[in-house]
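Below is one structure, written out as structure tokens, with a few remarks after it.
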Amino acid sequence: MLDTHESYVECQTCSNAYQEQAIDHDPRRDHAIKMAAIASMAGQVMIHVAHSRGADLTIEQIKKFTCGLLDIKKLPEETEAQLSTPIDRSRMLNLVRERGDELTARGRELVLRAALGDEAIAPSTQTLVFEIGVAMGLTPAHVSGILAELIPPPIAEELAPQSRRPAEETVFAPSKVPAASVWD
């Protein structure tokens with residue numbers, strides 16, 4: 001009886017055997033495809049966060065944002081076309097779910113931070129960013145931490161004037177310590 005086996009190819013350099021589809025493997029092409037997909041996702045996140053803030057974006061701003069985020073020189077034309085047409089919120093969140101797994105936790109955080117900028121954000125934008133972060137695969141606590149940096153807590157505003165007092169008026173200044181203590 002004859003056994004049949006799958007076809008394989010053998011590397012002339014290392015002598016390892018691989019499945020035939022290894023011949024078509026092009027790591028540079030695969031990386032470029034992955035970067036284009038992530039750029040599309042990051043651009044859509046930026047579009048939705050900006051829209052939530054009431055800001056207008058140009059395609060040039062989106063391209064600059066995504067290229068800078070991914071450290072690439074130019075977006076593929078197909079990706080530029082995708083970014084020139086915003087998608088609805090549910091499709092954007094689905095895209096984020098699909099592509100978020102391709103990023104590390106730090107990469108996911110960078111996408112959110114880059115889209116947010118450094119300005120305080122309204123509650124409606126906070127809700128959107130929270131949804132995006134969780135859909136991307138970040139924990140709710142991680143997203144809350146990112147948002148907390150842009151949302152001044154009410155207590156901080158109340159304490160802010162006190163923190164500006166000169167050092168000599170602080171409670172623990174050496175001149176304010178009594179000469180005798182209960183331990184003498």
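The numbers here are math on the coordinates, done by the rules we state, and not lab data. Computed from a predicted structure; not experimentally measured. Positions of Cβ are generated from backbone atoms using ideal geometry, with glycine treated the same way; all protein chains shown enter the neighbour counts.
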Separation in nanometres of the label points that stand 7 Å from Cα toward Cβ, at D56 and R106
3.8 nm
List the GluC sites (Glu not before Pro) in the range 79-134 that DSSP assigns to loop (not H, G, I, E or B) and whose Cβ has at most 15 other Cβ atoms within 10 Å. Which are they?
E102, E119
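Please identify the trypsin sites (Lys or Arg not before Pro) of the range 47-135 that satisfy two criteria: DSSP loop assignment and at most 15 other Cβ atoms within 10 Å. Which are they?
Listed in order of number, the matching sites are K73, K74.
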With the crude spin-label approximation of a point 7 Å out along Cα→Cβ, what separation in nm comes out for I87 versus I151?
2.7 nm
Could you work out how much longer the chain between E77 and K64 gets when fully extended? Use 0.36 nm per residue separation minus the Cα distance between them, nm to one decimal.
3.3 nm
Find the centroid of the Cα atoms in the range 120-144 and in the range 84-104, then give the distance between the two in whole Å.
14 Å
